[in-house]
Amino acid sequence: MSGILANIALGIVLAWVVFALAGWVVAPWVAVGLGAVVALAVVAVARDTLMPGGLVAVLAPFGAMLPALALRHMGGGLGLPVVPFGTFEIVVFLGLYVAFLAASMGVFPVDPYRLGYAPVPVGVMVLAICLYGALTGNPFLPLVAVLGQVAWVMGWGSSNWFDYVLHVMMVPVAVIVLVQRALGG
C-alpha cells in the first residue's frame with residue numbers, strides 16, 4: 001500500500017512543481033492540466049526508471065502534508081476558496097519546525113520526534129490541531145492531522161506520525177512564501 005501511496009504523492013508533487021513553473025507563462029487551468037499530464041506520464045509510464053525512483057528516495061515519506069499543500073495551492077490557483085495562512089502563522093511554524101528538526105537531530109537535549117511513536121501524545125497533538133483549526137476557521141491543518149493519524153494507525157508507511165504531517169520541504173516552501181510576501185508578490 002505504501003508504494004502506491006508514494007507514487008500518488010509523487011504524482012501530486014510533480015504536478016504541483018509543473019503547475020508552479022508553468023503558471024508563470026500560462027493560465028492556471030492550463031498549468032494544472034500540464035502538471036497532471038507530466039505527473040501521470042512520469043508516475044504511470046516511467047515509474048520504474050531512475051528519475052521517479054530517485055525522487056521517491058529523496059522525498060519520501062511524503063506523508064499527508066506535502067501532497068495536501070500541493071493540492072491546496074493548485075486548487076487556489078483554479079479559484080477554489082482557500083483560507084490563506086497568515087504571515088505570523090508561517091513565521092511561527094518556520095521557527096518551531098526548524099527547532100523541531102534541530103532537536104530531532106540531537107542539537108538540543110530533548111527529542112520531540114519520539115512523541116510521534118506513541119498513541120497518547122499523537123492523539124493530544126491531533127486534538128490540539130483540530131482545536132486550532134476550529135478557532136481559526138481553517139479546516140486544512142485538522143484535515144491533514146487526521147489523515148496523517150489514519151495513515152499512521154493503518155501502518156501505511158512510517159511508524160512515526162510526524163512523518164505523515166510534516167516534511168522537510170516545508171522549510172523552503174515557507175521561506176519562499178515569506179520572501180514573496182515581503183516583496184509584495
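The values are calculated or read from the model by the stated rules, or taken from the named source; none is laboratory data. Small disclaimer: the values here were computed from a predicted structure and weren't measured. Cβ atoms come from the backbone with ideal geometry, glycine included; neighbour counts cover every protein chain shown.
Applying the condition of being part of a helix (DSSP H, G or I) and in contact with a Pro (Cβ under 6 Å, 6 or more places away or on another chain) to region 74-109 and asking which residue is nearest to Met170 (Cα to Cα) yields Phe100. The lone criterion from (1) in the same structural domain as Ala145 (by TED's automatic domain parsing); (2) more than 30 Å from Gly133 (Cα to Cα) left unmet by Gly54 is number (1).
Within region 120-159, can you find the residues that are in a loop (DSSP other than H, G, I, E, B) and surrounded by 20 or more Cβ atoms within 10 Å (Cβ to Cβ)? Show your work before the answer.
Restricting attention to region 120-159, the residues satisfying the condition of being in a loop (DSSP other than H, G, I, E, B) are 137-139, 155-159.
Result: Gly157, single match.
Kindly indicate whether Val175 is touching a residue at least 60 places away in the same chain (Cβ under 8 Å), under 17 Å from the mean Cα position of the chain (by Cα), in a helix (DSSP H, G or I) and exposed (fewer than 14 other Cβ atoms within 10 Å of the Cβ). So Val175 passes the test.
Might you check whether a residue that is in a loop (DSSP other than H, G, I, E, B), surrounded by fewer than 15 Cβ atoms within 10 Å (Cβ to Cβ) and not assigned by TED's automatic domain parsing to the domain that holds Val175 occurs anywhere in region 27-44?
Yes, some residue in region 27-44 is in a loop (DSSP other than H, G, I, E, B), surrounded by fewer than 15 Cβ atoms within 10 Å (Cβ to Cβ) and not assigned by TED's automatic domain parsing to the domain that holds Val175.
When Pro52 is tested against the conditions (1) surrounded by fewer than 17 Cβ atoms within 10 Å (Cβ to Cβ); (2) touching a residue at least 40 places away in the same chain (Cβ under 8 Å), the lone failure is (1).
So is Leu94 assigned by TED's automatic domain parsing to the domain that holds Leu166, surrounded by 13 or more Cβ atoms within 10 Å (Cβ to Cβ) and either at pLDDT 90 or above or in contact with a Gly (Cβ under 9 Å, 6 or more places away or on another chain) (or both) or not? Against the criterion (assigned by TED's automatic domain parsing to the domain that holds Leu166, surrounded by 13 or more Cβ atoms within 10 Å (Cβ to Cβ) and either at pLDDT 90 or above or in contact with a Gly (Cβ under 9 Å, 6 or more places away or on another chain) (or both)), Leu94 qualifies. Scanning region 160-172 for residues that are of a type in the set (Phe, Trp, Tyr) and assigned to a helix (DSSP H, G or I) yields a total of 2. When residues in region 56-91 are screened for being crowded, with 16+ Cβ neighbours inside 10 Å and more than 15 Å from Phe140 (Cα to Cα), 6 of them pass. Please work out if Pro109 is loosely packed, with under 13 Cβ neighbours inside 10 Å, modelled with pLDDT under 95 and under 30 Å from Leu21 (Cα atoms). No: the conditions fail for Pro109. Cβ-Cβ contacts under 8 Å between residues 6 or more apart (or on different chains), taken from a first residue in region 106-123 that is at positive phi and of a type in the set (Lys, Arg) to a second residue that is surrounded by 15 or more Cβ atoms within 10 Å (Cβ to Cβ) and part of a helix (DSSP H, G or I), are absent.
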